[in-house]
Amino acid sequence: MKAVIFDLDNTLFDHTGSAEAAVRAWIPQLGGTATDELVAQWFAIEDRVYPRWLSGELTHQGQRRARLHEFLPLLGHPVPATEPDQDEFFTGYLDLYRSHWSAYPDARPALEVARSNGWRIGILTNGSTLQQNAKLEAIGLAPLVDVVCTTESLGVSKPDPQSYLQTCAALDVPPAETLMIGDNLALDVHGAQAAGLTAHHLNRPTGQLLTDLLS
């Protein structure tokens, strides 16, 4: 291997933990009670709506507005009438989300192992360029990464083969000499393998560590 490509959310960056802490803090500000059911609904709505941005059906801001339209009625809270008002309203959640951004404890050690192996390091993420780079900076991992490729920068999303191939090209390493690691079996493993990369699945619920996949 000459390079490793990591997924970002729920691989290096604890998106689920950050988002759960944020939404649990946000709901009481909206007059609700942060029950487990409401938190689960927040993530279910995200899982339904976010792919509509990846497919091009919605803009990135549009998917945020769509999430408000589904979630706020669950709290009995009115949806702001205009799109600018909706965008401003969503910043209440975003501010809390940013305040809870964190890396998994094994993220930096994994990047350091990759560096010690002499590998190039890339990030391939189905996210927005601005936000994903901000996450890497905030959690202190940006200096260890050579290339960041996002849905916006590539014009395609995982599992499109071009997303992996273009990231390998940016790293200047052939797909056959590149390892992909991520938490999503379909996007980070099967898609990468179909594009000619080696790929390992990070199964965090079992307690598996990133460093285990690099040894």
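The values are calculated or read from the model by the stated rules, or taken from the named source; none is laboratory data. None of these values were measured; they are calculated from a predicted model. Cβ coordinates were reconstructed from backbone atoms using ideal geometry, including for glycine residues, and neighbour counts include every protein chain displayed.
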Based on this model, can you work out whether residue 23 counts as in a strand (DSSP E or B) and surrounded by 17 or more Cβ atoms within 10 Å (Cβ to Cβ)?
no
Can you pull out the residues in segment 38-73 that are among the acidic types (Asp, Glu) and either farther than 16 Å from residue 19 by Cβ or assigned by TED's automatic domain parsing to the domain that holds residue 131 (or both)?
57
Residue in segment 74-89 that is polar (S, T, N, Q), surrounded by fewer than 16 Cβ atoms within 10 Å (Cβ to Cβ) and either within 20 Å of residue 191 (Cβ to Cβ) or in the same structural domain as residue 191 (by TED's automatic domain parsing) (or both) present:
no
Scan segment 105-117 for residues that are part of a loop (DSSP other than H, G, I, E, B) and either without any contact (Cβ under 8 Å) to a residue 24 or more places away in the chain or not assigned by TED's automatic domain parsing to the domain that holds residue 10 (or both) and jot them down.
105
Do the conditions hold for residue 11, that is, is it in a loop (DSSP other than H, G, I, E, B) and touching a residue at least 40 places away in the same chain (Cβ under 8 Å)?
yes
In segment 40-59, residues that are under 18 Å from residue 97 (Cβ atoms) and either more than 18 Å from the chain's Cα centre (by Cα) or loosely packed, with under 15 Cβ neighbours inside 10 Å (or both) total 5
So which residues in segment 107-118 are surrounded by fewer than 18 Cβ atoms within 10 Å (Cβ to Cβ) and under 27 Å from residue 46 (Cβ atoms), if there are any at all?
108
Checking residue 136 against (1) buried (at least 16 other Cβ atoms within 10 Å of the Cβ); (2) part of a loop (DSSP other than H, G, I, E, B), the condition it does not meet:
(2)
Take the residues in segment 124-140 that are out of contact with any strand residue (DSSP E or B) (no Cβ under 6 Å at 6 or more places or on another chain) and in contact (Cβ under 8 Å) with a residue 60 or more places away in the chain; name whichever of them is farthest from residue 7 (Cα to Cα).
128
With respect to the numbered conditions (1) of a type outside the set (S, T, N, Q); (2) crowded, with 16+ Cβ neighbours inside 10 Å; (3) at positive phi, which one is the sole condition not fulfilled by residue 31?
(2)
